[in-house]
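Participant: One structure, as structure tokens, below. Some questions next.
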Amino acid sequence: MSNTIYQELQDKDSDIKKTKILQALETEDLSVQFTDSLDNEMVLNMGPQHPATHGVLRLLVSLDGETVMKCVPELGYLHRGYEKLAESCTYHEFIPHTDRLDYLSPMANNVAYALAVEKLIDLEIPERGKYIRVIIAELARIQSHLLAMGALVMDIGAITPFLWAIREREKILDLYDVICGARFTTSYTRIGGVAQDVTDESLAATKVFVDEFSANLQEIRNLVERNKIFIERCEGIGYLAKEECIELGLTGPLLRACGVSRDIRKDAPYLVYDQLDFRVPTYPDSDCLARYYVRVEELVESTNILKQCLEKIPKGPHTALQSKKILPKKERVYTKMEELIHDFMIINFGVNPPKGESYTAVESSKGELGFYTISDGSGNPWRMKIRSPSFANLQALAPMMKNCMISDTVVIIGSVDPVMGEADK
Amino acid sequence: MKPERLELLKSKLQNFTINYTEVNGTPALYITKENIIDVCKILKSDNDLKFDSLLDAISVDWFEKKDRFEMIYNLTSIDNNERIFLKIKLDSKAPAMQSLTQVWGSANWYEREAFDMMGIDFINHPDLRRMYMPEEFEYYPLRKDFPLMGIPDSIPLPNK
């Protein structure tokens, strides 16, 4: 099984008859003449600056007429070397960088990173902190999926659902503004908890959003789901067999759209997901339409999770009390000697986890987002490997695009929903 | 992973010299690079183990004289909901190992990334090119001896 995908791609390589233009290029013969204008295979360079590639993804597509014969994705146009940077940051200093990984759902990255470091220093945070994290992580999922479904529909040609989805997404950004003070690059979590407690007003605002959201989502769905153009352009497009999806290490909505019910929130529950009641939507078809439906149903499930969290969220501290590992509150730093010393030590030398390794994965909106952290006992990580779901999912792009039409490529990219900030790190 | 399942895994792999450790509660198997492919084939095809999904490959530079590099593979079994790590120690001078694309297709890009960032050579890899850096780049940025600020003129600019 393993070799088939690449074998086929390679076989295709040797199968392709050398066209006149290729022969001319190889021999540097400039006097080539074409009698038939359809006589050659065309290589199309899509991106990195292309609106439908959702960022700086570059695709080299070889075309026979309108059919895609082969596709090679090229990455690295947004590579900022975060894994290298992490090695010279203290654990706290890296939190703002996590916003810039999956910039469509920054809160989910904040939560994943904080959990990874807490596992390394063996720290348990209070119940209220856990609930706050679930709330912001689910808001991030809604935020990301709204853009994914809106952009997919817009790539097909429907502008209105995109605008309506963005309108809802804007409300979430406003909520972030109330909860943490920033709309886009949130950096809200801290090691041991969150930056500040959520107020009753922000919880009330979240509740208003959640109550209205179901109806607004239904409005968008009414526009899309019985639209003949949408269904015909998605159904059966971008099909990838279940075995190949598993083989290629896909996670998240792409895997659930081929009938595999894998969700880390259920399979290895973190935070308080084991106390919440939700289901994992799966579809067996493994095409663009199935991926759309998985995302939409996850939106509904996320709303349910949010409703439960808003009811269950307990009173109490939001951050663990362990002054040697966790940044103390500013008012205490200015008044207490002990806290001043801890603050100085944590800011200058870091939290110094014990020597060791740890891996923590969470279910982000794109799939399994994991941090493999190696500590050598000092304040900086020795190695920080980010397992970004978009990177792994993009690998499936080439087999999905094989033998599809050129107009389907944008639909397939939209259904994979890659974020290049995360894929390129 | 439950203790009895780990025993089962050990009995299936008793023909190989494997050092068992753990990463925060998850089993981690130190495998010699000679029999990595055989072990992986058993892990994937055995009906009880069924580690069918390779999720990540992590390259580490320990910056020591002996066995400087290490590859860590993140394996999961979807049916059994289990996770293990495979660890392979590699030479300091010329780190090389057999590519796991022979067993799991997803290893392709993960190993390209490890090659690009850490300079580890994967034998029998179908498409070992740089993943992020430009093709003409000569260094391996995630190695510990590569400075954080980069090396001046390491990426040649086009002539005027």
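Every number here is computed from the coordinates shown, using simple stated rules; none is lab data. For clarity, every value in this text was computed on a predicted model and none was experimentally measured. Cβ: placed from backbone, ideal geometry, glycine included. Neighbour counts: every protein chain shown.
Participant: Out of (1) part of a helix (DSSP H, G or I); (2) farther than 18 Å from A:Val210 by Cβ; (3) touching a Phe, Trp or Tyr at 6+ places or on another chain (Cβ under 9 Å), what's the single condition that is false for A:Cys258?
Facilitator: Looking at each condition in turn, A:Cys258 falls short on (1).
Participant: Return a yes/no flag: does the stretch A:302-321 have any residue that is crowded, with 16+ Cβ neighbours inside 10 Å and closer than 25 Å to A:Leu394 by Cβ.
Facilitator: So far as the stretch A:302-321 goes, yes, one or more of its residues are crowded, with 16+ Cβ neighbours inside 10 Å and closer than 25 Å to A:Leu394 by Cβ.
Participant: Filter the stretch A:343-365 for residues that are in a loop (DSSP other than H, G, I, E, B) and away from every other protein chain (no Cβ under 13 Å) and give the result. Outline the logic, then answer.
Facilitator: Here is the first cut: in the stretch A:343-365, the residues in a loop (DSSP other than H, G, I, E, B) are A:350-355, A:364-365.
Residues satisfying the conditions are A:Gly350, A:Val351, A:Asn352, A:Ser364, A:Ser365.
Participant: With respect to A:Val134, determine if the residue is buried (at least 19 other Cβ atoms within 10 Å of the Cβ), closer than 20 Å to A:Ala361 by Cα and under 19 Å from the mean Cα position of the chain (by Cα).
Facilitator: On the way: buried (at least 19 other Cβ atoms within 10 Å of the Cβ): yes; closer than 20 Å to A:Ala361 by Cα: yes; under 19 Å from the mean Cα position of the chain (by Cα): yes.
Judged against the criteria, A:Val134 is a match.
Participant: Here are some conditions: (1) touching a residue at least 40 places away in the same chain (Cβ under 8 Å); (2) at positive phi; (3) away from chain B (no Cβ under 11 Å). A:Asp408 meets all but one. Which one does it not meet?
Facilitator: Among (1) touching a residue at least 40 places away in the same chain (Cβ under 8 Å); (2) at positive phi; (3) away from chain B (no Cβ under 11 Å), A:Asp408 violates only (2).
Participant: Sticking with this structure for a sec: Looking at B:Lys33, B:Lys10, which one is away from chain A (no Cβ under 14 Å) and under 16 Å from the mean Cα position of the chain (by Cα)?
Facilitator: Values: B:Lys10 fails: under 16 Å from the mean Cα position of the chain (by Cα).
Just one listed residue meets the conditions, B:Lys33.
Participant: Now, a different point. Report yes if some residue within the stretch A:380-396 is among the aromatic types (Phe, Trp, Tyr), touching a residue at least 12 places away in the same chain (Cβ under 8 Å), within 13 Å of another protein chain (Cβ to nearest Cβ) and in a helix (DSSP H, G or I); otherwise report no. Give the derivation first.
Facilitator: At the first step, the residues of the stretch A:380-396 found to be among the aromatic types (Phe, Trp, Tyr) are A:382, A:391.
Narrowing the set further to residues that are touching a residue at least 12 places away in the same chain (Cβ under 8 Å) leaves A:382, A:391.
Cutting the leftovers down to within 13 Å of another protein chain (Cβ to nearest Cβ) gives us A:382, A:391.
If we keep only those that are in a helix (DSSP H, G or I) too, we end up with A:391.
Among the residues of the stretch A:380-396, at least one is among the aromatic types (Phe, Trp, Tyr), touching a residue at least 12 places away in the same chain (Cβ under 8 Å), within 13 Å of another protein chain (Cβ to nearest Cβ) and in a helix (DSSP H, G or I), which makes the answer yes.
Participant: Show the residue pairs that are 6+ apart or on different chains and have beta-carbon atoms under 9 Å apart, the first residue being within the stretch A:250-266 and away from every other protein chain (no Cβ under 11 Å) and within 18 Å of A:Glu138 (Cβ to Cβ), the second being part of a loop (DSSP other than H, G, I, E, B) and of a type in the set (Phe, Trp, Tyr).
Facilitator: A:Arg256/A:Tyr283; A:Arg265/A:Phe278
Participant: Could I ask something else about it? If I filter the stretch B:61-73 down to residues being part of a loop (DSSP other than H, G, I, E, B) and among the acidic types (Asp, Glu), which single residue comes out as farthest from the other protein chains (Cβ to nearest Cβ)?
Facilitator: Filtering the stretch B:61-73 down to residues part of a loop (DSSP other than H, G, I, E, B) leaves B:62-68.
Filter again for among the acidic types (Asp, Glu), leaving B:64, B:67.
On the way: B:Glu64: 12, B:Asp67: 15 Å.
Checking each candidate, the answer is B:Asp67.
Participant: From the list A:Asp285, A:Asp274, A:Asp263, which one is within 27 Å of A:Tyr131 (Cα to Cα) and surrounded by fewer than 21 Cβ atoms within 10 Å (Cβ to Cβ)? Please lay out each step first, then the result.
Facilitator: Numbers: A:Asp285 fails: within 27 Å of A:Tyr131 (Cα to Cα); A:Asp263 fails: surrounded by fewer than 21 Cβ atoms within 10 Å (Cβ to Cβ).
Going through A:Asp285, A:Asp274, A:Asp263 in turn, just one is within 27 Å of A:Tyr131 (Cα to Cα) and surrounded by fewer than 21 Cβ atoms within 10 Å (Cβ to Cβ): A:Asp274.
Participant: Any idea which of (1) farther than 23 Å from A:Arg58 by Cβ; (2) over 13 Å from the mean Cα position of the chain (by Cα); (3) more than 13 Å from every other protein chain (Cβ to nearest Cβ) is the one B:Asp121 doesn't satisfy?
Facilitator: B:Asp121 satisfies every listed condition except (2).
Participant: Give the stretch A:223-249 a look and list any residue that's of a type in the set (Val, Ile, Thr) and within 14 Å of chain B (Cβ to nearest Cβ), or say none. Explain how you work it out, then say what you get.
Facilitator: Restricting attention to the stretch A:223-249, the residues satisfying the condition of being of a type in the set (Val, Ile, Thr) are A:224, A:229, A:231, A:237, A:246.
Of everything in the stretch A:223-249, just one residue is of a type in the set (Val, Ile, Thr) and within 14 Å of chain B (Cβ to nearest Cβ), namely A:Ile246.
Participant: May I pose another question? I want to confirm something. Restricting to the stretch A:50-91 and keeping residues that are closer than 22 Å to B:Met117 by Cα and among the β-branched types (Val, Ile, Thr), which single residue is farthest from the other protein chains (Cβ to nearest Cβ)?
Facilitator: Only one residue tops the list, namely A:Thr90.
Participant: Could you tell me how many of the residues in the stretch A:225-255 are part of a loop (DSSP other than H, G, I, E, B) and either farther than 25 Å from A:Leu397 by Cα or of a type in the set (Val, Ile, Thr) (or both)?
Facilitator: Residues of the stretch A:225-255 part of a loop (DSSP other than H, G, I, E, B): A:225-227, A:235-241, A:248-252.
If we keep only those that are either farther than 25 Å from A:Leu397 by Cα or of a type in the set (Val, Ile, Thr) (or both) too, we end up with A:226-227, A:237, A:251.
The total comes to 4.
Participant: Would you be able to tell me the number of residues in the stretch B:51-86 that are touching a residue at least 60 places away in the same chain (Cβ under 8 Å) and not polar (S, T, N, Q)?
Facilitator: Keep residues of the stretch B:51-86 that are touching a residue at least 60 places away in the same chain (Cβ under 8 Å), which gives B:59, B:61, B:63, B:80, B:82-85.
Cutting the leftovers down to not polar (S, T, N, Q) gives us B:61, B:63, B:82-85.
Result for the stretch B:51-86: 6.
Participant: Can I ask one more? With (1) in a loop (DSSP other than H, G, I, E, B); (2) crowded, with 19+ Cβ neighbours inside 10 Å as the list, and B:Ile58 as the residue in question, which single condition is left unmet?
Facilitator: Every listed condition holds for B:Ile58 apart from (1).
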